[in-house]
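Derivation of every value follows stated rules applied to the coordinates shown; laboratory data play no part. All values derive from a computational prediction rather than experimental measurement. FYI the Cβ positions are ideal-geometry reconstructions off the backbone, even for glycines, and counts take in every protein chain you see.
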């Protein structure tokens, strides 16, 4: 479990330090949603005793989709 949390933290740090200045707003929102989803999915599945990698993958996908929807609502497209 500790190794999975360390890997998740490293992934979040890599995403946080990536150069995002050239990304458009949609991509930034999707990236932020995915990062939050990965972290949340990993923590929740670790707390409930499930597959941490599965939870992180599902959380990342859901977070990315949520980031896209947030961006579209913010722009008034939905």
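Computed quantities for the displayed model
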{"quantity": "Per-selection Kirkwood Rh - segment 2-75 (Cα, Å, 1 d.p.)", "calculated": "12.5"}
{"quantity": "Ranked 44, 73, criterion: other C-beta atoms within 10 Å, fewest first", "calculated": "73, 44"}
{"quantity": "Simple spin-label estimate for residue 15 and residue 68 in nanometres, 7 Å along Cα-Cβ", "calculated": "1.6"}
{"quantity": "Projected label distance in nm at residue 54 and residue 24, using a 7 Å step from Cα toward the beta-carbon", "calculated": "3.6"}
{"quantity": "Value of [θ]222 nm, deg cm²/dmol, for the chain, DSSP H segments ≥ 4, -39500 (n - 2.57) each, nearest 500", "calculated": "-28500 deg cm²/dmol"}
